[in-house]
Every structure is written in C-alpha cells, then in structure tokens.
Amino acid sequence: MALSLRSSWDSEKVDDVPPLEDDSHRRDSTSSESSSVSSDMRRRSSGSELSMEAPSPFAGSRRVSHALSYSSAMSSSTMSGEITSHVEEVLLILKSIENIPVLTVEQKMRLRYCMEIIAQNRLYEPIMQRSISSEFDNDDEFEGFLESFAGKRDRKRSFSGSLQAAQLVRRAADIMRSRVAEKKARAASVTTAPHMEPPSPSHERLTRPESAMDHFHTRNRGSSVQELTTKRVTQLLERIHDCDFDIFEFKDACQGYELSIIVYHLFKNYQFLTQFNLSKDAFINYVQRIQDGYISTNPYHNATHAADVTQAVAYFLMGARLYETAKLTDLETMSLVFAAAIHDFQHPGLNNVFHVRAGRPLAILYNDRAVLENHHVAAAFALLQNEHCNFLTRLSDEQKRAFRESVISAVLSTDMSQHFKEVGVVKSKLQTVEFVKFSQPEDRQLAVNLALHAADVSNPTRPLPVYLKWIDRVMEEFFAQGDEEKRLNLPVSMFMDRSNSSIPKCQFGFMDVIVQPLFTVFNQLLPDLLPACESLARNKAHFQKQLEEEHPNSPLRRRASMRSGPIGFLPGSPQVRQPIHARSTSDIIKE
C-alpha cells in the first residue's frame, strides 16, 4: 500500500531540495569508484526493473535491493586500506538510494531526514508529541519537567531549518503508527494458545532467615521481641517475589535492617554464597556497611528505597520470570541483585542537576556526567578494598571482571538522562529475532540494565497505599532541594518549590512520560509483568482523576476518552516462551 503524503512544496521541483553536506572529502581515495558505481546505478535506474506504481519509499523493494547491491559493492571497494564504520556504510547505502531519479521530493526529504539523524547520532533522542505532554500548561513547563526527572531539556531542532520538513516527518510517523496499531489490533483478535502459567517459586523451601536476624540485630533487645520479629520477617520474606510487597511493613519488622536482611536472604537462597564460594563473614560485614552508608535522614534516597528496589529486582527475576526469559547466568543474576543494593549508596538527597548547577565537587570529579551514579558504584567498589568486606576474593579474575563490568553498566543505566535512549534501544532490539534469543552477553546485560532502571522507578506499580507513602517522601526530598536552590540563588527545579507545586500533576506526568513507556516495553519482554502494569494503570487513573478535579478544563478528559484504558497497555500480551535453562526457577531456590 502506498504511503500518500502531500507537501506544500512542488513535488516536481527536485532542485529545490537543499543538498546535504558533501562528505566526499573524507573519501578522496575512493571517489572514482563511488562515481562509477553511482553513474552505473543511474543508468540502471532508468530500466523497467526500477519502475514504481506508487510514489512510496516503502513500496519499491526491488529498487531498494538494487541500490543495496550497488552500495555493498561501494562499501567493499572502500574496505581495502581504510578503516570504516557501520554508520558510514549505512549512510553510503542511503546516499545511493537518494540518487534514484524516480523518487519524489517528499521521499527524498524523508531519506535525508534519516541520514541527518544517523549522522548526528540522534537515533534515540525522544520526540515529544504535544498529545503526550498535554497535562502541562506549556512547552516550558514540560521541558522543566524533563529537566527535573530526566536531567535534560527537550531540544527543539529543525531539519535543515525547515518546519515544513519536520511536519512532514511527523505526518509520516503518525501514519506508520496507525498502521502498526491496526496490525496489533488484528493480531489481538486472533485466538491464541492457552496462556501457560509460570511455575511459582516454592515458598515452603525458602530458608528461614534466623541467621540473618542473628547477624543484623543488636544484642540489647529482649529474646521475646527478637523471636516475634524473626517470625514476622520470615512470614514477609515468603512474599519476596510478589509485586505488592510492602517494604514499609518489612522495615518495621526488621527494626531498621531491611536492606541488610533482604540482600543476605537473596544471596543465601539464590545460593550465591555457596556456588561462588563467597566469604560469608566478609559479605555480612559488607552489607552492614552498605546499609550504614545510606543517609537515614534523606526522606527518599535511603536504605529503605534501596531495599525496595532490591525486592523489585527479585520480583522481576522470579515473579516475572526475567531469569528464565533473558537466560541470565548466575553471575549476571548476582550482579543485578548486588547493583540494586548499592545503586544509590551514599546518595546526598540532591539530584544530578543540582550538583552540576551548583558546581559541587562530585560534579567536578565526574565531569558533569552521571555524577551520582558514578559515585554510587565507585564508592561501593571502594568499600570492597577493605579486606574485612571483600567477599569476592575467591572469584576468578575473569569472574571479577565480568561482575564489575555488569554492575557498573547496570548502575549507570539508572541515570535518568539516559532513560529515553535506553527505552528506545530496547524497543528497537525487540524487533529483532536475535535479541529475544538472549544468546549474546550484551543482550542479557541490556535486560539487566532495564530491570534495575525499572525497579528504581517502580513506586507507581505498587499498591496505592504504598505508593502514597513514597510520594510523601519523594516530594519532601524535592522540596528540600528546592529550598537549597533558593538559598543558593539557583533556578528552582520543576516541582521542587513547596509553595506552588502540584503533586497530582507531578505524579501523573512522571507516570505518563517516564514510567508508563518503560513498563510498556518491559512488559513486551516479560508478559508476566502484567500485574505490575495493571497496578500502574490503577494508580495513574487515581491521579488522573485528581488532576481533572484540580483542572476541570484539562485536555486529559479528551485523552482519556480516546484510550482503551487508563494506560493503554495492549491486550493480548505475547505468550511466554518456554525456558531453555538447564536449571528451572525452583532449582535455584533450595535449602
């Protein structure tokens, strides 16, 4: 089917299209070959093989295949005596397609748009549609939101200085999105095979955590209190793989050792301590130091948040079957649990934007790039230099290297400035067959990174009473930063001014722009993540109602009527693939 688009430009005036910057000076040694190939292509393009029935760049597969064959010859001719890259080869292929004379102006514009985006390394930059951000009063407010939550402002760049070209591209994207939606709707209406229920972990086989309590509780408590606490902790840990786990109830039962006990419990019951021959005493010392390294006076970024993220990772691994689906190795799984525990180690309660604006020492040290994330992982590994805390001494050098690389990658992925790129990369990868096989270490690491990032922003997927407790804490930390920004005469970040911030708008925007797209992609990878997505939908509907009451004329009412649900998760999630692990889920949860 032809893609019919009209532009205000005359489609016959091909010469009016502004030329792309010529990069021939980079390929002087191959100019003659490129010229001969291009001229040969032009001669062949006049043949009947390249005729088009409709002016669409998506319809002429034979034409493109000819262009690709010539571009392959071109690229192979440049390989001798010269180091090139895949980006250069792709741009050469697109450049050769552009030379086909039967292309219309609109097709050439789309092609040049693709070339410019690739050349400027902007493939994963977010394109914010106004319909997405309509809960904000204006573009400046929306950009302020992005800066507060994602550490960046939405850059408005025009394509070759032409608003018309940008509008053309958006129209093309709208048509393609509508076609994809129609295709998914048709696929959803087809009867599918019965859903296979995932094997639930055998909670009865979980080891009782008395040993953790013995190690982490102070000695001045009465035995009756400790026995009561131990029994309650054991009961709560039986639900460690549930998405509705209440970390605040667990914190009270643990009497302030929530992070230490959860991490120790997972390492013991996933058999990391025995399988990797880890030093138990050193590990206990380490997790105690990690718990103590979180600043307890922070309303939000404290040990309770770290424990909550670690539990969310456990839910993803077993409850949502990430371990099976992504075919994670045991070392990769241990890296993910460890990264969750230390991902905000020594967090000062002030975000990256503040550190950069205020010129804080950490921003200077890390060159304004992922300031806090770099510090968290560096400080956590520095603690391992203490011989009494280094529980990794018995790992091989290769295991230590792989563990460190995986943890660093996972923690740095929690930098919110990388959020849109990370989501874009996973969305692109999900379209490939090789990615979902998870046969490559980099694909499994991407799944690890996605899991930690999702766990870090998973508060809106919790039951509403738990989520509301988190909101109180995060907003208090926001307001404390706003107070400090006022004191230093810095611009007050969006939603951090306690005198005029709308909490419903803040939370609805956070779910709508950040959490929903992330969990929608994650749900495509993990169909068993649906309970968390449904909880997110309910919480979003709650704040959507509050926001509508706060702003009666809000365009959210129109948006809600256009959607099939509060969030719009697609019905008919893909069926769960059967695991190909040598070990099943229950195998790793043993006595």
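Tabulated data for the structure shown
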item: The stretch 329-361, residues that are assigned to a helix (DSSP H, G or I), out of contact with any Ser or Thr (no Cβ under 8 Å at 6 or more places or on another chain) and not hydrophobic (A, V, I, L, M, F, W, C); result: ASP330, THR333, HIS355, ARG357, PRO361
item: Residue check for PHE403: in a helix (DSSP H, G or I), open to solvent by less than 10 Å² (accessible area, probe 1.4 Å) and at pLDDT below 95; result: no
item: Tally, over the stretch 472-488, of residues that are buried (at least 19 other Cβ atoms within 10 Å of the Cβ) and either outside any helix (DSSP H, G or I) or aliphatic (A, V, I, L, M) (or both); result: 2
item: Residues satisfying the stated conditions in the stretch 437-469, i.e. open to solvent by 30 Å² or more (accessible area, probe 1.4 Å), aliphatic (A, V, I, L, M) and in contact (Cβ under 8 Å) with a residue 40 or more places away in the chain; result: LEU464
item: Check on THR329, touching a residue at least 24 places away in the same chain (Cβ under 8 Å) and open to solvent by less than 10 Å² (accessible area, probe 1.4 Å); result: no
item: Residues of the stretch 456-467 satisfying the condition of being under 13 Å from SER535 (Cβ atoms) and either outside any helix (DSSP H, G or I) or over 21 Å from the mean Cα position of the chain (by Cα) (or both); result: SER458, ARG462, PRO463, LEU464, PRO465, VAL466
item: Matching entry among PRO531, PRO527, PRO552, PRO517 (being modelled with pLDDT under 95 and not basic (Lys, Arg)); result: PRO552
item: Of all residues in the stretch 266-318 being open to solvent by less than 40 Å² (accessible area, probe 1.4 Å) and among the β-branched types (Val, Ile, Thr), the one that is farthest from the chain's Cα centre (by Cα); result: ILE284
item: Among (1) within 25 Å of TYR264 (Cβ to Cβ); (2) open to solvent by less than 30 Å² (accessible area, probe 1.4 Å); (3) without any contact (Cβ under 8 Å) to a residue 40 or more places away in the chain, the one test that GLN385 misses; result: (2)
item: Matching residues, the stretch 89-123, being of a type in the set (Lys, Arg) and more than 24 Å from VAL425 (Cα to Cα); result: LYS95, LYS108
item: Some residue of the stretch 247-265 being closer than 20 Å to ASP472 by Cα, within 24 Å of the chain's Cα centre (by Cα) and buried (at least 18 other Cβ atoms within 10 Å of the Cβ); result: yes
item: Every residue from the stretch 508-529 that is more than 17 Å from the chain's Cα centre (by Cα) and open to solvent by 10 Å² or more (accessible area, probe 1.4 Å); result: ASP528
item: Selection count, the stretch 332-373, where residues are within 18 Å of the chain's Cα centre (by Cα) and open to solvent by 40 Å² or more (accessible area, probe 1.4 Å); result: 1
item: Given (1) touching a residue at least 40 places away in the same chain (Cβ under 8 Å); (2) more than 23 Å from the chain's Cα centre (by Cα), index of the condition ASN500 fails; result: (1)
item: Candidates GLN524, GLN544, GLN516, filtered to the one that is of a type in the set (S, T, N, Q), under 18 Å from THR461 (Cβ atoms) and without any contact (Cβ under 8 Å) to a residue 40 or more places away in the chain; result: GLN544
item: Identity of the residue in the stretch 413-427, open to solvent by 40 Å² or more (accessible area, probe 1.4 Å) and touching a helix residue (DSSP H, G or I) at 6+ places or on another chain (Cβ under 9 Å), that ends up farthest from HIS453 (Cα to Cα); result: LYS427
item: Every pair of residues 6+ apart whose Cβ atoms lie under 8 Å, when the first sits in the stretch 235-250 and is within 13 Å of LYS469 (Cα to Cα) while the second is of a type in the set (Asp, Glu) and part of a helix (DSSP H, G or I); result: ILE247/GLU258; ILE247/ASP308
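The values are calculated or read from the model by the stated rules, or taken from the named source; none is laboratory data. This one's a predicted model, so the numbers in the text were calculated from it and none came from an experiment. Note: ideal-geometry Cβ built from the backbone for every residue, glycine included; neighbour counts use all protein chains shown. To get the accessible areas, we keep the full protein, side chains included, count just its heavy atoms, and leave off ligands, DNA and RNA. Shrake-Rupley method; radii C 1.70, N 1.55, O 1.52, S 1.80 Å.
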